[in-house]
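Take a look at the structure below.
The values are calculated or read from the model by the stated rules, or taken from the named source; none is laboratory data. Since the model is a prediction, treat every value here as computed from it, not as a measurement. FYI the Cβ positions are ideal-geometry reconstructions off the backbone, even for glycines, and counts take in every protein chain you see.
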Amino acid sequence: MKTKLFMKFPPNVTNTPVTYQLVKKFDLKFNILKAEIDYNLIGIILYDIEGKAGNISDAMDYVRSLGIECDMAPSGIVVSETLCNDCGLCTSVCAINALSISGPDWKLSYDAGKCIGCNQCIPVCPTRAITHGLYEELGA
Ligand code: SF4
Ligand code: SF4
């Protein structure tokens, strides 16, 4: 199976070689979509992971046993072109730049491949143009 895994490293485990262990111990293939450490020394990594479902589950248990937050990234968001006025507010809360605005047209761009479904952008949108993808799929 293929999935996205989001990990958040507290400062005391930022240097733990998790990626190496994912390959060595659990035979997973991965692609790092995003990796950064903030000013509080908290690290985040977003992986595209491929491997046996049982191995992914075991890997998540292992990572959590190290004190690292680890979750499968849920569905992304849906942006209504009708409601969005390209104000850019949502881009300021999207830590992994799944939402961005750039020239020459200065239109909002959404990269679903990066989105981890954290929902941070939903409440900041003044026109309520953003909904969670799962919510949309359910027709709610
Ligand atoms: S839910 Fe919104 S803020 Fe979170 S990663 Fe996706 S686009 Fe960015
Ligand atoms: S905050 Fe809402 S209106 Fe503004 S760019 Fe983002 S989706 Fe569009």
Quick count over segment 115-130, residues being modelled with pLDDT under 95, near ligand 2 (Cβ under 7 Å from one of its atoms) and either in a strand (DSSP E or B) or farther than 17 Å from residue 6 by Cβ (or both), is 1
Go over the candidates 77, 101 one by one and state the one that is within 16 Å of ligand 1 (Cβ to nearest atom), surrounded by 14 or more Cβ atoms within 10 Å (Cβ to Cβ) and under 24 Å from residue 5 (Cβ atoms). 77
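Out of all the residues in segment 83-114, which are free of Cβ contacts under 8 Å to residues at least 12 places away in the same chain and not in a strand (DSSP E or B)? Walk me through it before giving the result.
First pass over segment 83-114, keeping only residues free of Cβ contacts under 8 Å to residues at least 12 places away in the same chain: 100, 102-105, 109.
103, 104, 105, listed by residue number.
Could you tell me whether residue 110 is of a type outside the set (A, V, I, L, M), modelled with pLDDT of 85 or more and near ligand 1 (Cβ under 9 Å from one of its atoms)? Show your work before the answer.
Details: of a type outside the set (A, V, I, L, M): yes; modelled with pLDDT of 85 or more: yes; near ligand 1 (Cβ under 9 Å from one of its atoms): yes.
Spelling it out, residue 110 is indeed of a type outside the set (A, V, I, L, M), modelled with pLDDT of 85 or more and near ligand 1 (Cβ under 9 Å from one of its atoms).
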